[in-house]
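So the structure is just underneath, and the comments pick up after that.
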Amino acid sequence: MPPERPRKRREKKLENLLVHGLEEELPHLLGKSPDGSFDLEALEEGCRETALKVAARILSETLNRDLSDQKDTLRPCSCGGEAVLNGHVSKTVHSILGPPRLSRAYYHCVACQAGFCPRDRKTGIEHVSCTPATLRKIGLVAATVSFEESAELLLSLAGLRISPKQVERTAEELGTEMIADEQAVSAPEPADLSRQEVVYMGWDGTGVPMRPEEVAGRPGKQEDGSSKTREAKLCLTWTASHTDERGVPVRDKGSVRYVGGLLSASAPDTRRTPSDFAQLVLRESRRTGFDQARTQVVPGDGAAWIWNTASEHFPNAIQIVDLFHAKEHLSTVAKAIFDPKTPAYDFWVEARHKELDDGQIDALSVYEKRFPEAKHGIGYLETDRKRMDYPAFRAQDYCVSSGVVEAGGKRIVGARLKRGGMHWSEFGANAIIALRNCKLSGRFEAFFERRSQRRSSAA
């Protein structure tokens with residue numbers, strides 16, 4: 001018999017059960033209007049609610065009839081001892097079908113005084129109060145909107161009655177899992193970017209508003225020298241294999257990958273391993289194929305830590321100072337020489353920007369001697385000379401802008417963690433950043449597939 005037939009028979013049987021349940025319960029839930037017609041919206045909602053109740057009952061009864069989790073009197077405990085079967089315990093979970101109450105065999109370890117239910121690990125509800133399907137939905141909405149809005153959407157669109165606080169806890173637990181998963185998986189992805197001729201990787205930092213206790217004693221930019229934020233560092237990898245009508249390279253749709261968190265890019269000289277952020281960058285370079293790319297390009301805004309990271313870990317990468325930042329820097333220099341309200345300021349800025357576009361670094365360096373007040377501002381040109389050869393970069397169709405990186409900070413952190421009134425703990429910020437990184441990188445399904453495989457192997 002073909003394998004599809006038993007499955008189709010089971011599906012047909014379940015469909016019949018649902019229809020029977022609807023026929024039984026709907027007449028009690030819905031009344032007809034005076035003209036004998038039904039309110040379509042009420043009919044839809046009633047059918048949906050009743051179908052979910054019937055399906056939830058089938059789910060709980062099916063799981064509760066299965067006694068395979070109590071077949072052994074003893075089971076190994078994670079502490080190394082043996083846990084003894086000690087009856088059953090019930091647990092109500094949030095399911096996309098409703099809140100079924102599940103009965104599971106409970107094992108207790110005398111050695112460590114801990115207990116566990118094997119079925120929880122097998123079904124994916126260990127340490128959480130929701131099913132895997134519900135967890136996925138919570139992750140999707142909490143990665144996008146606030147916890148309060150997430151609770152509203154879950155109720156309105158999925159019929160899931162989950163409090164904002166529970167959404168927060170669940171989303172943070174899921175994000176923490178994603179952090180551990182990112183640290184454990186560095187093998188190349190099936191759709192790595194190394195097949196492209198040129199692969200870009202960029203890094204940037206952006207502030208995250210923190211709870212007062214999280215920044216106590218940290219120096220910052222407030223008037224009193226204190227800080228209200230901590231910096232999240234992000235790593236983005238992407239490709240730009242075609243240009244627009246102006247000849248400017250355009251990011252390939254769907255190619256951007258994001259990782260990052262509240263991580264340090266520096267490490268003490270006595271430390272033998274790279275900084276936490278550098279380790280994350282190296283893992284990401286292997287996953288995305290950046291380390292195997294024929295041409296590696298690192299655009300940056302000029303921050304020293306960016307060039308240090310690139311030079312240390314990707315010595316063959318082409319480093320490019322973002323053209324917009326370079327021009328912005330020259331405009332700042334102009335303010336030290338001229339009154340910004342005068343024509344002389346505009347003329348000088350326009351001329352210097354053109355020289356920068358044309359790669360005339362020597363012409364710019366002349367002004368360091370002519371205007372002592374501009375010495376500090378123009379002095380960086382000599383250091384970054386090789387990173388500012390824009391005519392050569394354009395001839396190779398390289399991006400001379402780090403706009404993708406700048407936009408990444410706004411997309412990952414700004415759009416979700418910098419909304420009005422938000423203040424984060426380090427744990428919560430890292431978890432939600434990981435959640436957004438995973439979702440917006442197109443890695444959500446792969447993560448849940450690995451999660452399911454780990455659950456099956458551990459059961």
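Brief remarks follow.
- Hz values of 3J(HN,Hα) by residue in the range 445-450 - Karplus curve (6.51, -1.76, 1.60), Gly and Pro given as x: 5, 4, 4, 5, 5, 5
- Linear extension gain, Q360 paired with A111, 0.36 nm per residue minus alpha-carbon span: 82.2 nm
- Disulfide-incompatible cysteines by the Cβ rule (no partner under 4.7 Å) in the chain: C47, C117, C130, C235, C399, C438
- Solvent-accessible surface of protein heavy atoms, probed at 1.4 angstrom with all chains present, puts E44, E284 in the order E44, E284, largest first.
- Contact order for the chain, expressed relative to its length and based on alpha carbon pairs under 8 Å spaced 6+ residues apart, stands at 15 percent.
- Across the range 421-430, rounded Karplus estimates of 3J(HN,Hα) from the backbone phi angles (6.51 cos²θ - 1.76 cosθ + 1.60, θ = phi - 60°) give x, 7, 9, 10, 8, 4, 4, x, 4, 4 Hz, Gly and Pro being marked x.
- Rounded to the nearest 500, the helix-only mean residue ellipticity at 222 nm of the chain stands at -15000 deg cm²/dmol, with each DSSP H run of n ≥ 4 adding -39,500 (n - 2.57).
- Relative contact order of the range 141-242, pairs being alpha-carbon contacts under 8 Å that are 6 or more residues apart, as %: 22
- E350 accessible area, assembled protein chains, probe 1.4 Å, Å²: 130
- The trypsin sites (Lys or Arg not before Pro) of the range 287-335 that DSSP puts in a loop, and whose beta carbon has at most 13 other beta carbons within 10 Å, are R294.
- Of the trypsin sites (Lys or Arg not before Pro) in the range 202-286, those whose Cβ has at most 10 other Cβ within 10 Å and which sit in DSSP loop: K221, R246, K253, R271, R272
- The chain, accessible surface, carbon-and-sulfur percent (1.4 angstrom probe): 52
- Around the amide H of A114, modelled in the peptide plane, lie the amide H atoms of C109, all under 5 Å away and 5 or more residues distant in sequence or on another chain.
- Residues whose amide H lies under 5 Å from that of L102, counting only those 5 or more places away or on a different chain, are K91, T92, V93; hydrogens are built 1.01 Å from N in the peptide plane.
- Label corresponding to Rg/Rh (Cα atoms, Kirkwood Rh) when calculated from the structure given, among [x] 0.95; [y] 1.09; [z] 1.00: [y]
- 5 angstrom amide H check on G261, placed H, neighbours 5+ away: K233
- In Hz, Karplus ³J(HN,Hα) per residue of the range 69-75 (6.51, -1.76, 1.60; θ = phi - 60°; x = Gly, Pro): 6, 10, 6, 9, 6, 10, 9
The values are calculated or read from the model by the stated rules, or taken from the named source; none is laboratory data. None of the values given here were measured: they were computed from a predicted structure. Positions of Cβ are generated from backbone atoms using ideal geometry, with glycine treated the same way; all protein chains shown enter the neighbour counts. Calculation scope for accessible area: heavy atoms of the full protein, side chains included, ligands and nucleic acids excluded. Shrake-Rupley method; radii C 1.70, N 1.55, O 1.52, S 1.80 Å.
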